[in-house]
1. If you put +1 on each Lys and Arg Cβ and -1 on each Asp and Glu Cβ, how big is the dipole of the stretch 29-119 around its Cα centre, in Debye rounded to 20?
2. Can you tally the net charge around Ser58? Count Lys and Arg as +1, Asp and Glu as -1, for every other residue whose Cβ sits under 15 Å from the Cβ of Ser58.
3. Bin all alpha-carbon pair distances of the stretch 29-119 at 10 Å intervals from 0 and give each bin's fraction as a whole percent.
4. How would Met101, Met53 line up from fewest to most surrounding beta-carbon atoms within 10 angstrom?
5. Would you work out which of Val47, Gln84, Gly73 lies farthest towards the positive end of the dipole of the stretch 31-99, given +1 charges on the beta-carbon of Lys and Arg and -1 on that of Asp and Glu, about the Cα centre?
6. Cα gyration tensor of the stretch 59-98, axes a ≥ b ≥ c as square roots of the eigenvalues: rounded (a/c below 1.5), prolate (a/b > b/c) or oblate?
7. Provide the gained length on full extension for the span Thr81 to Met61, in nm with one decimal, where the gain is 0.36 nm per separating residue minus the Cα-Cα distance.
Amino acid sequence: MGKIFSLMRILLPIFFILFSSCSQYETPHNIIPEDRFVEYYSDLLVVRQEGIMASIDSIGMQTRVDSLNRAYGVSPDQVKTTLQLYKNNFPRWRSFYERVMKRLETLQRPDTAKPSVSKM
């Protein structure tokens, strides 16, 4: 009986560490796919900048963000969860943000269509 308890004392922390470390890398089910999120986040930055430049109040900004969410078929919770996933992993965040910046540069070219936000 004593051997069982001492074995349990050793194995229990090992199982705890294994299960907790596996759950850290588990991807939530409601995240937005990366390619789509790059487009969404780029458009969100454009919407925010346009709002600042046009001195749009917070209610007007929220209306624009809600329209963007509807256009992409995402919920505020999905956006929040996806952002948190990227921000918790700096290399992934940096890669994602570089893609966003590249897309914004592409959108600035005169021969490139404006983001989907302009359709709203």
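Values quoted throughout were computed directly from the atomic coordinates according to the rules given, and no laboratory measurement underlies them. Please read all numbers here as calculations on a predicted model, not as lab measurements. Cβ atoms come from the backbone with ideal geometry, glycine included; neighbour counts cover every protein chain shown.
1. Computed charge dipole of the stretch 29-119: roughly 160 debye.
2. Spelling it out: positives minus negatives among the neighbours equals -1.
3. Going from the shortest bin to the longest, the percentages are 16, 46, 34, 4.
4. Met53, Met101
5. Gln84
6. Taking the square roots of the gyration eigenvalues as a ≥ b ≥ c, the stretch 59-98 is prolate.
7. Separation in residues times 0.36 nm, less the Cα-Cα distance, equals 5.1 nm.
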